[in-house]
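I am attaching a structure below and will ask some questions about it afterwards.
The values are calculated or read from the model by the stated rules, or taken from the named source; none is laboratory data. Keep in mind it's a predicted model, so treat the numbers as computed, not measured. With ideal geometry, Cβ positions are generated from the backbone for all residues, glycine too; neighbour counts draw on all protein chains shown. With ligands, DNA and RNA removed, areas are computed over all heavy atoms of the protein, side chains included. Shrake-Rupley method; radii C 1.70, N 1.55, O 1.52, S 1.80 Å.
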Amino acid sequence: TYEENLFRTTMLCLFWVVLILFSLVKTKIVHYSSLCWLPLTFLSAYAIESITNHIFKLKIVYTLLIAFIGLLLSAIVFAIPYMMMYHKGLLMKNIKDDFAISNIAANVHVSILAGCDAHHMAEGVFKALARALDVATSLDPRVTGVPSTKGKL
């Protein structure tokens, strides 16, 4: 429909305008580029929906490229904790931000009150994290409209 095309075009324009402006700005403050996240997630979801509904068909080369990039990212995700456990100095000397270094070096303590199988204990830790993130990111039904502290502080 016209509205869908207009929204998709708006997201494309917003993405490229913010990306180009961010590359032109001399101070690379991260929140300047945060406006790219909405169009990027929309366009990604639109592309996935188009592929799954067979509106857009991928050539085998692109399918293999996506699989290769996925495997590469998976290897990186698994390599970073390994490097942090056994080769911490190798990774830490390349990070210049004190705040990032202190967050990486922070210990996370988990108290497991019951259980005898290590697999189920680890699963419980991840479930607790998922529930905490769900509570932290869900909307509060008591709040109507836009949440604001204006006039309350």
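With +1 on the Cβ of every Lys and Arg and -1 on the Cβ of every Asp and Glu, and nothing else charged, how large is the dipole of the stretch 80-139 about its Cα centre, in debye rounded to the nearest 20?
The calculation lands at about 180 debye.
With Cβ to Cβ distances under 12 Å as the rule, what net charge do the other residues near residue 124 carry (K, R +1; D, E -1)?
Combined, the nearby Lys, Arg, Asp and Glu give 0.
Taking the Cβ of residue 45 as the centre, find all other residues whose Cβ is under 14 Å away and add up their charges (Lys, Arg: +1; Asp, Glu: -1).
-1
If you roll a 1.4 angstrom probe over the protein chains with everything in place, what fraction of the accessible area of the chain belongs to carbon and sulfur, to the nearest %?
In the chain, the share of accessible area belonging to carbon and sulfur is 71 percent.
Moving on. Springs between alpha-carbon atoms under 10 Å, Gaussian network over the chain: tell me which of 34, 44, 138 tops the mean-square fluctuations.
138
Also: What whole-number volume per residue, in cubic angstrom, does the convex hull of the C-alpha atoms of the stretch 1-121 give?
Hull volume normalised by residue count: 238 Å³.
Of the candidates 116, 13, 36, which one comes out as most mobile in a Gaussian network treatment of the chain with C-alpha springs shorter than 10 Å?
With Cα springs under 10 Å in the chain, the top fluctuation among 116, 13, 36 is at 116.
Between residue 59 and residue 5, how high is the FRET efficiency from 1/(1 + (r/R0)^6) when r is the Cβ-Cβ distance and R₀ = 35 Å? Nearest 0.05.
In this case the efficiency is close to 0.90.
Mind checking which of 57, 93, 127 has the largest fluctuation in a GNM of the chain, springs on alpha carbons under 10 Å?
The residue that fluctuates most here is 127.
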